Amino acid sequence: MAAPLDCRGLSCPLPVLRVKEELAKGQPFAIMVDDACAVENISRFLNHQGVPFTIATQEEESLIEVRP
């Protein structure tokens, strides 16, 4: 897996839009966010799409690994 998409500091909906773009490529990827709202919105989007993912949170940052 390549280096995670760095979406720290970005406000929604930008992190979700980045996830949508990467998802279209059909490859596993990860995204780094530092906002609880972004984690919630990305999770909701991925669940709606039926895409499996995991979330690892450390302090104020979360790494979301997506496996389309």
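Relative contact order for the chain: what is it in percent, counting Cα pairs under 8 Å that are at least 6 residues apart?
Details: 103 pairs, mean separation 24.6, N = 68.
This gives 36 percent for the chain.
Per residue, how much accessible surface does the chain expose to a 1.4 Å probe? Answer in Å², no decimals. Don't skip to the end; give the middle numbers.
On the way: 4350 Å² over 68 residues.
Result: 64 Å² per residue.
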Helix axis angle, 36-49 relative to the chain longest principal axis, alpha carbon, degrees: 10 degrees
- request: Considering only protein heavy atoms, with the full assembly of protein chains and a 1.4 angstrom probe, order Cys7, Cys37 by accessible area, largest first.
  value: Cys37, Cys7
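Helix-derived [θ] at 222 nm for the chain: sum -39500 (n - 2.57) over DSSP H runs of at least 4, divide by residue count, nearest 500? Don't jump to the answer; show the numbers that get you there.
On the way: 2 runs with 24 residues, N = 68.
The helix contribution divided over the chain gives -11000 deg cm²/dmol.
Quick one: what do you get for the chain if you divide its Cα Rg by 2.2 N^0.38 Å? Write out the running numbers ahead of the final one.
On the way: Rg = 10.5 Å, N = 68, 2.2 N^0.38 = 10.9 Å.
My calculation over the Cα atoms of the chain gives 0.96.
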- request: Could you tell me what percent of the accessible area of the chain is made up of carbon and sulfur, with a 1.4 Å probe and every protein chain present?
  value: 50 percent
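I need the GluC sites (Glu not before Pro) found in the chain, filtered to DSSP loop residues with at most 15 other beta carbons within 10 Å of theirs. Walk me through the numbers before you get to the answer.
Working: sites: Glu21, Glu22, Glu40, Glu59, Glu60, Glu61, Glu65; in loops: Glu59, Glu60.
Passing sites in the chain are Glu59, Glu60.
For the chain, with only Lys/Arg (+1) and Asp/Glu (-1) charged at the beta-carbon, what is the dipole magnitude about the Cα centre, in debye rounded to 20? Mind dumping the intermediate values first?
Working: 6 positive and 10 negative charges, 81 e Å.
The calculation lands at about 380 debye.
Could you tally the net charge around Ala3, taking each other residue with its Cβ under 14 Å from the Cβ of Ala3, Lys/Arg +1 and Asp/Glu -1? Mind dumping the intermediate values first?
Values: positive: Arg8, Arg18; negative: Asp6, Glu22, Glu65.
It works out to a net charge of -1.
The values are calculated or read from the model by the stated rules, or taken from the named source; none is laboratory data. Here the structure is a predicted model, which is why all the values come from computation and not from measurement. Heads up, the Cβs are rebuilt from the backbone with ideal geometry, glycines too, and the neighbour counts pull from every protein chain shown. With ligands, DNA and RNA removed, areas are computed over all heavy atoms of the protein, side chains included. Shrake-Rupley method; radii C 1.70, N 1.55, O 1.52, S 1.80 Å.
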